[in-house]
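Here is the structure we will look at.
The values are calculated or read from the model by the stated rules, or taken from the named source; none is laboratory data. Only a predicted model underlies this, so the values are computations on that prediction, with no experimental measurement involved. Don't worry about glycine lacking a Cβ; one is built from the backbone with ideal geometry, like all the others, and counts go over all protein chains shown. The accessibility values were calculated without ligands, DNA or RNA, using every heavy atom of the protein model including side chains. Shrake-Rupley method; radii C 1.70, N 1.55, O 1.52, S 1.80 Å.
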Amino acid sequence: MALQPVLQFIVVCLLSIASKGELESDASSVIQLSHSLGSQPFETRGQINVRSLKSGSVNIQQDSSYDWKDYKEAGEANEFYHLEAFVKYNGIERTFLTSTKACLLYESQLADIITIHVDLLGNIYGVSVATPHSQQCTGTVPEFEPNFNTTVLISYMEHGPVPDVAMYVQKVEQEKVAKERGETKDNRSFIAKYVS
(Lines give C-alpha, C1' and ligand atoms only; values in the text may rest on other atoms or scores of the structure.)
Protein backbone atom coordinates (compact mmCIF):
# COMPACT_ATOMS: atom_id res chain seq x y z
CA MET A 1 0.00 0.00 0.00
CA ALA A 2 1.42 3.38 -0.96
CA LEU A 3 1.85 5.75 1.94
CA GLN A 4 1.39 8.97 -0.05
CA PRO A 5 -2.32 8.51 -1.05
CA VAL A 6 -3.18 7.50 2.54
CA LEU A 7 -1.53 10.64 3.91
CA GLN A 8 -3.29 12.83 1.37
CA PHE A 9 -6.67 11.33 2.31
CA ILE A 10 -6.04 11.84 6.04
CA VAL A 11 -4.87 15.42 5.56
CA VAL A 12 -8.00 16.23 3.49
CA CYS A 13 -10.20 14.73 6.23
CA LEU A 14 -8.44 16.73 8.94
CA LEU A 15 -8.70 19.97 6.98
CA SER A 16 -12.45 19.48 6.51
CA ILE A 17 -12.88 18.77 10.23
CA ALA A 18 -10.68 21.68 11.33
CA SER A 19 -12.51 24.16 9.07
CA LYS A 20 -15.76 23.44 10.93
CA GLY A 21 -14.26 23.98 14.39
CA GLU A 22 -16.38 27.05 15.03
CA LEU A 23 -19.76 28.16 13.77
CA GLU A 24 -19.33 29.27 10.18
CA SER A 25 -22.10 31.85 10.27
CA ASP A 26 -23.64 33.95 12.98
CA ALA A 27 -26.49 35.79 11.28
CA SER A 28 -29.41 36.94 13.38
CA SER A 29 -32.67 35.05 13.14
CA VAL A 30 -36.30 35.24 14.19
CA ILE A 31 -38.26 32.29 15.55
CA GLN A 32 -42.04 32.78 15.49
CA LEU A 33 -43.79 30.72 18.18
CA SER A 34 -47.34 29.34 18.00
CA HIS A 35 -48.90 26.94 20.48
CA SER A 36 -51.87 24.68 21.01
CA LEU A 37 -53.45 22.70 23.82
CA GLY A 38 -54.61 19.25 22.80
CA SER A 39 -56.48 19.38 19.49
CA GLN A 40 -57.21 23.13 19.62
CA PRO A 41 -56.01 25.25 16.68
CA PHE A 42 -52.61 26.93 16.95
CA GLU A 43 -52.50 30.47 18.31
CA THR A 44 -49.65 32.97 18.32
CA ARG A 45 -47.43 32.74 21.42
CA GLY A 46 -44.68 35.24 20.55
CA GLN A 47 -41.20 35.26 19.06
CA ILE A 48 -37.56 34.69 19.89
CA ASN A 49 -35.07 37.12 18.38
CA VAL A 50 -31.66 35.46 18.15
CA ARG A 51 -29.07 38.21 17.85
CA SER A 52 -26.06 35.89 17.98
CA LEU A 53 -25.82 32.10 18.13
CA LYS A 54 -22.11 32.28 19.03
CA SER A 55 -22.66 34.39 22.13
CA GLY A 56 -26.10 32.95 22.92
CA SER A 57 -27.70 36.40 22.81
CA VAL A 58 -31.50 36.02 22.56
CA ASN A 59 -34.57 38.06 23.39
CA ILE A 60 -38.03 36.52 23.84
CA GLN A 61 -41.41 38.27 23.64
CA GLN A 62 -44.52 36.24 24.39
CA ASP A 63 -47.95 36.01 25.96
CA SER A 64 -49.99 33.01 26.98
CA SER A 65 -53.28 33.46 25.08
CA TYR A 66 -54.80 30.74 27.30
CA ASP A 67 -56.25 30.92 30.80
CA TRP A 68 -54.65 28.83 33.58
CA LYS A 69 -57.88 26.79 33.71
CA ASP A 70 -57.32 25.74 30.07
CA TYR A 71 -53.95 24.26 31.04
CA LYS A 72 -55.51 22.53 34.04
CA GLU A 73 -58.29 20.99 31.91
CA ALA A 74 -55.82 19.86 29.24
CA GLY A 75 -53.63 18.31 31.93
CA GLU A 76 -56.57 16.48 33.52
CA ALA A 77 -57.57 15.17 30.08
CA ASN A 78 -53.98 13.87 29.60
CA GLU A 79 -53.51 16.04 26.51
CA PHE A 80 -50.32 17.51 25.10
CA TYR A 81 -49.11 21.06 24.79
CA HIS A 82 -47.77 21.65 21.26
CA LEU A 83 -45.26 24.32 20.29
CA GLU A 84 -44.64 25.24 16.66
CA ALA A 85 -41.48 27.19 15.84
CA PHE A 86 -41.19 28.89 12.46
CA VAL A 87 -37.50 29.72 11.91
CA LYS A 88 -36.12 32.26 9.44
CA TYR A 89 -32.33 31.95 9.34
CA ASN A 90 -29.69 32.51 6.64
CA GLY A 91 -32.42 32.88 4.01
CA ILE A 92 -33.90 29.49 4.96
CA GLU A 93 -37.38 28.99 6.42
CA ARG A 94 -38.19 25.89 8.47
CA THR A 95 -40.97 24.84 10.81
CA PHE A 96 -40.40 22.60 13.84
CA LEU A 97 -43.09 21.02 16.01
CA THR A 98 -42.40 19.89 19.57
CA SER A 99 -44.67 18.75 22.41
CA THR A 100 -44.76 18.09 26.13
CA LYS A 101 -47.50 16.90 28.46
CA ALA A 102 -49.92 19.71 29.33
CA CYS A 103 -50.03 18.63 32.98
CA LEU A 104 -46.25 19.11 33.29
CA LEU A 105 -46.52 22.64 31.93
CA TYR A 106 -49.49 23.35 34.19
CA GLU A 107 -47.75 22.04 37.31
CA SER A 108 -44.63 24.06 36.54
CA GLN A 109 -46.92 27.14 36.36
CA LEU A 110 -45.88 27.76 32.73
CA ALA A 111 -42.15 27.57 33.40
CA ASP A 112 -40.64 25.99 30.31
CA ILE A 113 -37.31 25.56 28.53
CA ILE A 114 -37.03 26.13 24.79
CA THR A 115 -33.83 24.71 23.31
CA ILE A 116 -32.51 25.85 19.91
CA HIS A 117 -30.34 23.14 18.32
CA VAL A 118 -27.48 24.38 16.12
CA ASP A 119 -25.20 22.34 13.82
CA LEU A 120 -21.48 22.91 13.17
CA LEU A 121 -22.21 25.22 10.24
CA GLY A 122 -24.32 27.52 12.39
CA ASN A 123 -27.68 26.35 11.01
CA ILE A 124 -30.68 25.84 13.28
CA TYR A 125 -31.79 22.23 12.80
CA GLY A 126 -34.30 21.86 15.63
CA VAL A 127 -36.30 23.53 18.40
CA SER A 128 -37.60 21.62 21.42
CA VAL A 129 -39.65 22.41 24.52
CA ALA A 130 -39.40 20.85 27.97
CA THR A 131 -40.35 21.72 31.53
CA PRO A 132 -38.10 21.85 34.60
CA HIS A 133 -40.80 19.82 36.37
CA SER A 134 -40.46 16.08 37.00
CA GLN A 135 -41.57 13.60 34.33
CA GLN A 136 -44.76 12.63 36.20
CA CYS A 137 -47.81 14.73 36.91
CA THR A 138 -48.78 14.80 40.57
CA GLY A 139 -51.20 16.75 42.74
CA THR A 140 -52.83 20.10 42.32
CA VAL A 141 -51.45 23.56 41.74
CA PRO A 142 -52.76 26.81 43.21
CA GLU A 143 -54.23 29.39 40.86
CA PHE A 144 -51.53 31.39 39.04
CA GLU A 145 -51.11 34.12 36.45
CA PRO A 146 -50.91 32.49 33.00
CA ASN A 147 -47.62 34.11 32.01
CA PHE A 148 -44.77 32.07 30.59
CA ASN A 149 -41.49 31.98 32.47
CA THR A 150 -39.29 30.73 29.64
CA THR A 151 -35.61 29.90 29.57
CA VAL A 152 -34.05 29.81 26.08
CA LEU A 153 -31.00 27.58 25.64
CA ILE A 154 -28.78 27.07 22.61
CA SER A 155 -27.43 23.55 22.14
CA TYR A 156 -24.37 23.25 19.90
CA MET A 157 -23.46 20.09 18.00
CA GLU A 158 -20.12 18.66 19.14
CA HIS A 159 -17.24 17.25 17.11
CA GLY A 160 -16.65 13.53 17.07
CA PRO A 161 -13.23 12.06 17.87
CA VAL A 162 -10.42 13.19 15.56
CA PRO A 163 -7.93 10.57 14.33
CA ASP A 164 -4.34 10.84 15.57
CA VAL A 165 -2.63 11.19 12.20
CA ALA A 166 0.88 11.70 13.58
CA MET A 167 0.80 8.38 15.47
CA TYR A 168 -0.55 6.54 12.42
CA VAL A 169 2.10 7.97 10.10
CA GLN A 170 4.82 7.14 12.63
CA LYS A 171 3.57 3.55 12.92
CA VAL A 172 3.45 3.11 9.12
CA GLU A 173 6.99 4.49 8.79
CA GLN A 174 8.28 2.16 11.52
CA GLU A 175 6.68 -0.84 9.83
CA LYS A 176 8.18 0.18 6.50
CA VAL A 177 11.71 0.50 8.01
CA ALA A 178 11.34 -2.80 9.87
CA LYS A 179 10.19 -4.55 6.68
CA GLU A 180 13.21 -3.19 4.78
CA ARG A 181 15.54 -4.54 7.51
CA GLY A 182 13.76 -7.87 7.56
CA GLU A 183 12.79 -7.46 11.22
CA THR A 184 9.06 -7.99 10.75
CA LYS A 185 7.38 -11.19 11.83
CA ASP A 186 5.04 -12.91 9.44
CA ASN A 187 1.80 -13.02 11.45
CA ARG A 188 -0.22 -14.79 8.78
CA SER A 189 -1.89 -18.07 9.61
CA PHE A 190 -0.30 -21.38 8.51
CA ILE A 191 -2.74 -21.73 5.62
CA ALA A 192 -2.17 -18.15 4.44
CA LYS A 193 1.63 -18.64 4.48
CA TYR A 194 1.84 -21.92 2.58
CA VAL A 195 -1.31 -22.15 0.49
CA SER A 196 -1.46 -19.77 -2.42
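Being hydrophobic (A, V, I, L, M, F, W, C) and modelled with pLDDT under 80: is that true of ALA192 here?
Judged against the criteria, ALA192 is a match.
Given the structure, is LEU105 touching an Asp or Glu at 6+ places or on another chain (Cβ under 9 Å) and within 22 Å of SER29 (Cβ to Cβ)?
The answer is no for LEU105.
Do we find a residue being modelled with pLDDT under 90 and either under 18 Å from the mean Cα position of the chain (by Cα) or not β-branched (Val, Ile, Thr) (or both) anywhere in segment 79-87?
No, that holds for no residue.
Take LEU37 and tell me if it is modelled with pLDDT of 90 or more and either hydroxyl-bearing (Ser, Thr, Tyr) or surrounded by fewer than 18 Cβ atoms within 10 Å (Cβ to Cβ) (or both).
So LEU37 fails the test.
Kindly indicate whether any position in segment 74-84 is without any contact (Cβ under 8 Å) to a residue 40 or more places away in the chain, surrounded by 17 or more Cβ atoms within 10 Å (Cβ to Cβ), touching a Cys at 6+ places or on another chain (Cβ under 6 Å) and hydrophobic (A, V, I, L, M, F, W, C).
Within segment 74-84 (the criterion being without any contact (Cβ under 8 Å) to a residue 40 or more places away in the chain, surrounded by 17 or more Cβ atoms within 10 Å (Cβ to Cβ), touching a Cys at 6+ places or on another chain (Cβ under 6 Å) and hydrophobic (A, V, I, L, M, F, W, C)), the answer is no, since none of the residues qualifies.
Out of contact with any Gly (no Cβ under 9 Å at 6 or more places or on another chain), small (Gly, Ala, Ser) and touching a residue at least 60 places away in the same chain (Cβ under 8 Å): which single residue out of GLY91, GLY56 fits that description?
Residue meeting the stated conditions: GLY56.
Restricting attention to segment 147-166, which residues are at pLDDT 85 or above and assigned to a loop (DSSP other than H, G, I, E, B)?
Correct list: ASN147, PHE148.
Of all residues in segment 85-119, which are assigned to a loop (DSSP other than H, G, I, E, B), open to solvent by 60 Å² or more (accessible area, probe 1.4 Å) and farther than 16 Å from THR131 by Cα?
Of everything in segment 85-119, those that are assigned to a loop (DSSP other than H, G, I, E, B), open to solvent by 60 Å² or more (accessible area, probe 1.4 Å) and farther than 16 Å from THR131 by Cα turn out to be ASN90, GLY91.
Within segment 134-146, is even one residue in contact with a strand residue (DSSP E or B) (Cβ under 6 Å, 6 or more places away or on another chain) and either open to solvent by 20 Å² or more (accessible area, probe 1.4 Å) or in a strand (DSSP E or B) (or both)?
Checked segment 134-146: no residue is in contact with a strand residue (DSSP E or B) (Cβ under 6 Å, 6 or more places away or on another chain) and either open to solvent by 20 Å² or more (accessible area, probe 1.4 Å) or in a strand (DSSP E or B) (or both).
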